[in-house]
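Structure first, then comments.
The values are calculated or read from the model by the stated rules, or taken from the named source; none is laboratory data. Worth saying up front: this structure is predicted, and the values here are computed from it rather than measured. As a convention, Cβ positions derive from the backbone with ideal geometry for all residues, glycine included, and neighbour counts pool all protein chains shown. Calculation scope for accessible area: heavy atoms of the full protein, side chains included, ligands and nucleic acids excluded. Shrake-Rupley method; radii C 1.70, N 1.55, O 1.52, S 1.80 Å.
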Amino acid sequence: MDRRRMIRAGLAAAVAAGLAGTLLAAPATGAAGPASGPDWGTCPEDMPAAARAQLECATVPVPLDHDQPDGTRIEVMISRLASTKPAERQGVLLLNPGGPGGSGLSQPADLTGLGLPSTVLDAYDLIGMDPRGVGHSSPVSCGFTVEQNYPGNVPPYAEDAAAVTEQARAARKIADQCAANDPEGRMQHMTTANTARDMDLIREALDEERLSFFGASYGSALGSAYASLFPERGDRVVVDSNLGATSLDRDSLRRFALGMEDRFPDFARWAAERHDSYGTGRTPGQVRENFLAQADRLDRRPVGGIDGATFRFYTFAGLYADSSFGVTAQLWQALADGDAASAARHAEELEPVVGGGPTAGSARQTEGATPSPYDNTWSAFLAVTCNDTDWPESVATYRRDVAADRQRYPLFGAAAANITPCAYWHNDPVDPPVEFDAEGPENVLVLQNLRDPATPHLGGQLARSAFGDRARLVSVDDGGHGVYVYGDNPCALNTTTRFLLGGDLPETDVFCGASTTRKS
């Protein structure tokens, strides 16, 4: 997998190192805020070598429960790529790559490698972060193992009502397993609101009056929450590939289905032009028909453990970036040929895009099982997602919604609407959902591709509407997930860079036409 695709994968669901473990806490030693600045040093050895060479890391103590600021503490690890031009430095730019569950320690170096303009590097200290419960920040664990048949952060496509009922049984077991691995109930404090509060303590630790922010995918929800909870402490806030909410709630998850419908035609046109090579269909319409037919065949006769639901999942993953179209077509080809070994290899290439995918094996955890490399990513995702909002508990609700979305969005609707462990989560939310604050300063730039499989354009419109005059929307005629630097549209790049450097929003919303040049 090439460097650009690997870094872009972090947007989708954050390829975090699978650092299984319990939430570590240290005794309280005074007020909630750190008394002095961070003690910067070398970054963890498991960070990519190129990033580790550029960055310095530190930990910031924060309350486990922000309602008890003098109580139990946990530590949040941050990284820094400092500006080398003091005369041009304007402040700090805190980053988040998405998830929830995404490690962001290497993100300052990742963005630099993707071409973040040097003017932005001069203007800001770039601050990466492993949010609470993730990576090196007191990581949580549900105890996921390689041997489990866990489908990852996106529930499996349900062929019918019986499949929803079957998924409900599996979802309940996962919720029970997460609770069993969290005997002290610390996962309940993993919320978007608490992470935003952590961010403000990081701002204090860095001795900054205000904090600028760039976040993509779920990072858009985190940035929106910070701008709403601390409107006067945010400087320049860029929210990219928006969920349309301050959390990954059920509506946001269901919009994956709309996103796939919006994005699939890009792949279908690409594949149709290459039919003689991949055999996926001579027209975009034929490609779509062949996708649905292939899924149906695999439901009846799986190839190497890949059934129709898994095939849909991997195709969804392949739509995150144009650079993944080739391996997606290879996967289709291998499955059509019944080549299980080749199909497994191509599926493995797509797994990092969405933080791990379905694996063949027993759904029962066994003694001596191998910890999953995605354990922390999946665990943190569930904790934050399930804690942020109340999810329906009635299986009938999911059966109804799956049936509706299967008809409305045939490609992926019956997956995105399916039941998740959140229906059976063992604690109620400790925070109400964060409400957008439209009364603060005009300092929020909303970036959105027109055809994003995970966060469709509607998400950007919803965020823009909720922020009102505080925000401007930049709509980009492009597909895939990620706009600024992660994408390749010159208008969006220039508009965002001007905002980060000058601080003034465009006078009106901006439409960026399709790029006429592409990166290799």
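Across segment 107-122, coupling constants 3J(HN,Hα) worked out from phi with the 6.51/-1.76/1.60 Karplus curve, θ = phi - 60°, read 4, x, 6, 4, 5, 4, x, 7, x, 4, x, 5, 5, 6, 4, 6 Hz, and Gly and Pro carry x. Computed from the C-beta positions of Glu442 and Asp70, the FRET efficiency with R₀ = 56 Å rounds to 0.95. Shape index of the chain: Rg/Rh, with Rg the Cα radius of gyration and Rh the Kirkwood radius from the inverse mean 1/r over Cα pairs, equals 0.95. Could you grab the relative contact order for segment 27-129? Cα pairs under 8 Å, six or more apart, rounded to a whole percent. Value for segment 27-129: 28 percent. Look at the alpha carbon pairs under 8 Å that are at least 6 residues apart: their mean separation over the length of the chain gives a relative contact order of 21 percent.
For the chain, the longest principal axis of the Cα atoms and the long axis of helix 192-205 meet at an angle of about 30 degrees. Expressed as an acute angle from 0 to 90° and rounded to the nearest 10, what is the orientation of the C-alpha long axis of helix 308-318 relative to the principal long axis of the chain? Value to nearest ten degrees: 40.
Both the radius of gyration and Dmax for segment 26-138 are 14.8, 42 Å, in that order, over alpha-carbon atoms.
Between the residues Ala309, Ile174, Pro117, the greatest Cα displacement towards the positive end of the dipole of the chain, with unit charges on the Cβ of Lys, Arg, Asp and Glu, is found for Ala309. Computed over every Cα-Cα pair of segment 75-158 and binned at 5 Å starting from 0, the pair-distance distribution P(r) comes out as 3, 14, 18, 17, 14, 12, 9, 6, 4, 2, 1, 0 percent.
Amide H contacts of Arg73 (H built 1.01 Å from N, in plane; Pro and chain starts excluded): Ala26, Ala28, Leu64 sit under 5 Å, all sequence-distant by 5 or more or on other chains.
Taking the empirical scaling 2.2 N^0.38 Å for compact globular proteins as reference, segment 192-313 has a Cα radius of gyration ratio of 1.56. Against the main long axis of the alpha-carbon atoms of the chain, helix 457-467 sits at an angle near 30°. Averaging over all projection directions, the Cα-based convex hull of segment 454-520 occupies 4.9 nm² in the image plane. Modelled label positions at Glu435 and Trp40, each set 7 Å beyond Cα in the direction of Cβ, lie 4.0 nm from each other.
Calculated mean residue ellipticity at 222 nm for the chain: -12500 deg cm²/dmol, from DSSP H runs with n ≥ 4 weighted as -39500 (n - 2.57), summed, divided by the residue count and rounded to 500.
Label point of Ala369 set 7 angstrom out along Cα-Cβ; within segment 392-418, no amide nitrogen lies under 19 Å from it. Here the chain is scanned for GluC sites (Glu not before Pro) in DSSP loops (not H, G, I, E, B) that have at most 14 other Cβ atoms within 10 Å, and the longest stretch holding none of them is 89-183. At a probe radius of 1.4 angstrom, the accessible area of segment 199-309 per residue rounds to 36 square angstrom.
Show me the chymotrypsin sites (Phe, Trp or Tyr not before Pro) within segment 182-227 that DSSP assigns to loop and that have at most 13 other Cβ atoms within 10 Å of their Cβ.
Answer by residue number: there is no such site.
Model label sites at Ala396 and Leu458, defined 7 Å from Cα along the beta-carbon direction, differ in position by 2.6 nm.
Got a number for carbon plus sulfur as a percent of the chain's accessible area, 1.4 Å probe?
Details: 9260 of 19530 Å².
Looking at the chain in its full context, I get 47 percent from C and S.
Label positions at Gln54 and Ala514, each projected 7 Å from the Cα along the C-beta direction, are separated by 3.1 nm.
Short-range pairs are left out: with C-alpha atoms under 8 Å and at least six residues apart, the relative contact order of segment 138-222 is 31 percent. Using θ = phi - 60° in the Karplus curve 6.51 cos²θ - 1.76 cosθ + 1.60, the 3J(HN,Hα) couplings for segment 147-160 round to 6, 6, 8, 8, x, x, 6, 10, x, x, 5, 9, 5, 7 Hz; x is entered for Gly and Pro.
Looking at segment 182-262, which trypsin sites (Lys or Arg not before Pro) are in a loop (DSSP not H, G, I, E or B) and have at most 16 other Cβ atoms within 10 Å?
Sparse-neighbourhood loop trypsin sites (Lys or Arg not before Pro): Arg210.
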